[in-house]
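Written out below as structure tokens is the structure these notes cover.
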Amino acid sequence: QVQPVESGGGLVQAGGSLTLSCAASQTMYAIIAMGWYRQAPGKQRELVASVNRGGGTDYADSVKGRATVSFGSGRTSVYLQMNSLKPEDTGTYYCYVQGYTTPTDHDVYWGQGTQVTVSS
């Protein structure tokens, strides 16, 4: 079982910034894409941002202009930099890794989640 490991969540004042980090398992053979979903109470889980191995990125409309997703060195980790945080950014953020664990087996793997709370 592959489980990415997230870090960087916490309590932030509205207007502040936060960087989330996610490390893929050392057992990954190759990574296709990595990114972040979030879920707030009473809301559906939604994609926040993702980056694929070709460098392409995707962002939720609600965070465009305020978020930057990027691979770390070696493309075995991913970061989410968020600025101008709003209370509606509050939620549990889940990292995912899409990739191969062997030369032929691939799937999507999820982290345990990290809480982000933005106070008014």
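Taken together, the values in this text are just the output of simple stated rules run on the coordinates, not laboratory data. This structure is a prediction, so every number in the text was calculated from the model and none was measured. No Cβ is skipped: glycine too gets one built from the backbone with ideal geometry, and neighbour counts run over all protein chains shown.
Before moving on, here are some points about what is shown:
- Label-to-label distance, nm, for residues given as Q13 and T27 (7 Å Cα→Cβ offset): 4.4
- Residues of region 1-35 with amide N under 17 Å of a point placed 7 Å along Cα→Cβ from K86: 12-18
- Simple point charges give the picture: +1 on the Cβ of Lys and Arg, -1 on the Cβ of Asp and Glu, and for region 59-120 a dipole about the Cα centre of about 240 debye.
- Hull shadow area, averaged, the chain [alpha-carbon convex hull, nm²]: 7.2
- For the chain, with +1 on Lys and Arg beta carbons and -1 on Asp and Glu, the positive-most of Y29, V97, V118 along the dipole: V118
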